[in-house]
């Protein structure tokens, strides 16, 4: 049995950058990166560090060409991803800066400030901004950026049909790009073992949160138990489920007297109303 990873699910790209607190990786696939050493992701307040702590004013020589601006952006993005070298994810990070529109004619600028636009993050396909803060004419442009984050994840060994429960033999550890899509990877085996495929899954796919769902405990229209609790008492009755139910799901039940109630499905398939 492989050891459980302490970081569970990578809960979207932004928390991947700002919330993880992993000091070392238990996985053998977190291999040393080739020279030059890859950037290490900053764990807390990346956006704030990008705008304040790093605060890279790429000035001095005036930025005259697109190539110079693109090189400045590459240096800034690499520095942003290095961040706090004392706390790192077990990921190999690579950042690729795209090209400015060749039709752009930008005025010479003594101070160019790179920044992370609101609502964006240095993860997957994204963008960074460049704005002129000291020049004859202010300007603001955007550059496409691709950040790849290679690390261990569970990859399917075979196809799994929709609704089938996943077993231990269905997946094994391999290195994948966590940032390839928005949905977080299932980092620990308990996070996917026994869950159902939410759609048809193909061999070679990395298991991600949006591919999985808890197993259904009852179907729509099934007779289910309803436990109503309050004031130190519990009353158990029954009714007809208005939707299929899995553990943790909120479902409505039509009671025998015609009343509709809503509750949460527990592990035994009982709808708890509080």
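Read the figures in this text as sums done on the coordinates, not as results from a lab. These numbers come from a predicted model, not from an experiment. When we count neighbours, we look across all protein chains shown, and the Cβ atoms used for this are built from the backbone with ideal geometry, even at glycine.
What is the list of residues in region 140-169 whose amide nitrogen lies under 19 Å from a point 7 angstrom out from the Cα of residue 118, following Cα to Cβ?
Of the residues in region 140-169, 140-143 have backbone N under 19 Å from the label point off residue 118.
Using 1/(1 + (r/R0)^6) with R0 = 22 angstrom and r between the beta carbons of residue 267 and residue 213, what's the FRET efficiency to the nearest 0.05?
Step by step, r from the Cβ atoms, then E = 0.90.
What's the ranking of 129-137, 229-237, 106-114 by average number of surrounding C-beta atoms within 10 Å, highest first?
The most tightly packed comes first, giving 106-114, 129-137, 229-237.
With a 10 Å radius around each residue's Cβ, average the other Cβ atoms per peptide and rank 163-170, 69-76, 151-158, highest first.
The peptides rank, most packed first, as 151-158, 69-76, 163-170.
Fully extended, how many nm does the chain gain between residue 174 and residue 140 (0.36 nm per residue separation, minus their Cα-Cα distance)?
Value of the extension gain: 8.1 nm.
Using the 10 angstrom Cβ neighbour count as an exposure proxy, how do 78, 101 rank, fewest first?
101, 78
Pull out the extension gain between residue 67 and residue 274, defined as 0.36 nm times the separation in residues minus the alpha carbon to alpha carbon distance; nm, one decimal.
Stretched out fully, the residue 67 to residue 274 stretch lengthens by 68.3 nm.
Would you work out if region 210-263 is rounded, prolate or oblate? Take a ≥ b ≥ c from the square roots of the eigenvalues of the alpha-carbon gyration tensor; rounded if a/c is under 1.5, else prolate when a/b is larger than b/c, oblate otherwise.
Cα axes put region 210-263 in the oblate bin.
For residue 256 and residue 205, what does the FRET efficiency come to when R0 = 45 Å and r is the distance between their Cβ atoms, rounded to the nearest 0.05?
Computed FRET efficiency for residue 256 and residue 205: 0.50.
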